[in-house]
Every structure is written in structure tokens, then in C-alpha cells.
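The block underneath contains the structure these notes are about, expressed in C-alpha cells.
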Amino acid sequence: MNRRRTPRSASAEDLLSTLQHLTARARQEVQLHQARVELAQALQRDMLPATLPSFPGLRTAARYAPARDGLDIGGDWYDGFLLPDGALGLAIGDVQGHDVEAAAFMGQIRIAMRAIASSTSDPGEVMGRTNDLIMSMNSTLFATCSFLRLDPRSRELRSARAGHVASVWATADGHSGVTADAGGLPLGIEPHQHYPVARRDLDVTGSFVLLTDGVIEGPSLTIDDGLDRIRRLVSSHATADAEDLADQVLKAAALTGHEDDAAVLVLRHDAAAGPA
């Protein structure tokens, strides 16, 4: 009768060798991941605009904060730029992904939107053409986004939204709210999409604030509750300096307990000047 041999018990030397191998492999994986995080951070930092344009009576400010654990870097962005006709273009968005690929994808969207916005004054067309361009890249990523076009002379603000969270506004006369504009699908989901355009006049002193969901959503905070909290904050600081208000909103983002990155873009506007 054959007896099954009992496997030889691992010696202390065997266990130590195995532990050393696993430790070395884990260290290598951590170093690789850290390198990717640092690369994503560098891409994110270099692609976000160093300055934002402003006009008399119209001031802009923006803030970005990476995820607290560093793992979800690379998804959020903002942009502000002058258009050929003198209008101001503003954008904010969130790539549904992270790491180096998300940061690179963000850069592609930002560049595409700038180029397209310089050739059409319709925010809905800017969004639609950007979406079609993104679709042609055959990327597996997609992004939510809001694009706004402000005429500094008429104070007309026109905007289009691609699956992105709503914006928040408040005026010096005590009014405030969350935008309820209709929107379309996120960029990169389906081609040939229509993006409705909303219109509003910024003729009263106040602030208009764009954000990403890392500012308003967390483990114990729904988007609706987060938006209402930011609405109340903006209402109490409606006439504050744009830079100060951006700081206040970003501080509020830290209270959500979010694990995502966060971006804020503030447009502070004085009352429109009357006819000369």
C-alpha cells in the first residue's frame, strides 16, 4: 500500500526567501504606481492654465485639488480663454477615469474645445463638434463637461452642458440658485449629439460658480445636498473677491470626505454699466 508523502515543511530559510521576494515585488509595484501618479500630476499641472482672463467688472478665479490619497489624480480640469471676437470662453470638466490616461485625455479635450470655440459662437455646436472629435479617437474614456461663452459687453452668458453637474449662482440682492439647464450626453459616448444652449444675463452684481462632483459629493453627501450647501456658501459670499470665493468653495469640498479630485471655476461679475 502506497502512502502519500507528506510535503516537506518549509524551512525558515524558505519562508524568509519567499517573504523577501514578495516584498521586493510589492516595492517595485508601489514605485511603478508612484511614478504614474507623479507623471499624471505633472501632466495635470502643466495642462491647466496658469492664468485666466478678466475684464473690467468681470473677474475669474479657479482652483484644483488632487484626491487626498493621490490615487485619483488626472480627471478634473478647468479652462478660461479669450475668443477671436473678444468673448470669454470658460470650461470645466471631469474625465471618468484617472491616472496618466485620464490626464492625457483631459488635455486632448481642452485643446479640441479651444480650437473649435474659436470658429463658432454657438456653445452647443462647440460641445457637439468636440464630442464628434473625441468619438473619432476611439478612446474608451468619456468626460462630462460644461462650456460657457460670455460677451463682456452685453453680459450675455450662453452655456451648454454634457452630462456635467449643475452650476451655482448668487447675486448681491439676495437671490441664489442651482442651474437647471437641459444638457446632453457626456463627451465620448455617442456621436452626433445635440446640446441645448441656455442663456442668462449677468447684469446684477454676483457670482457664477462652476464645479466638478468632487466639490459636492462624498460618501455621506449626495450631489443635491452638496449643491445646496455650495449655493448657500456662494450666496453668503456673492460679492466676495473671485479668488477668495474660489478658496472658500474648495475648502468646502474638503468637508465632503471625497476621494476624487476637485475643480472650481468662479466668475465674479459687477452690475452692468448703464448707457453712456
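The values are calculated or read from the model by the stated rules, or taken from the named source; none is laboratory data. Source: prediction; values computed, not measured. Cβ coordinates were reconstructed from backbone atoms using ideal geometry, including for glycine residues, and neighbour counts include every protein chain displayed. The protein model used for the area step is the full one, side chains on, heavy atoms only, and it has no ligands, DNA or RNA in it. Shrake-Rupley method; radii C 1.70, N 1.55, O 1.52, S 1.80 Å.
With the simple model of a label 7 Å out from the Cα in the direction of the Cβ, Ser136 to Arg153 spans 3.3 nm. With all protein chains kept in place, the per residue accessible area of region 44-185 amounts to 39 square angstrom at a probe of 1.4 angstrom. Peptides 144-150, 218-224 ranked from most to least packed by the mean count of surrounding Cβ atoms within 10 Å: 144-150, 218-224. Most tightly packed first, judged by the mean number of other beta-carbon atoms within 10 Å of their residues, the peptides 246-255, 157-166, 80-89 read 157-166, 246-255, 80-89. With r defined as the distance between the Cβ atoms of Asp244 and Ser220 and R0 fixed at 22 Å, what FRET efficiency is calculated, to the nearest 0.05? Efficiency computed from Cβ-Cβ geometry: 0.20. Each Lys and Arg Cβ is given +1 and each Asp and Glu Cβ -1; about its Cα centre, region 111-180 then shows a dipole of about 100 debye. Classify region 134-209 from the C-alpha gyration tensor, please: rounded if a/c falls under 1.5, else prolate or oblate depending on whether a/b exceeds b/c. Judged from the Cα gyration tensor, region 134-209 comes out prolate (a/c at least 1.5, a/b above b/c).
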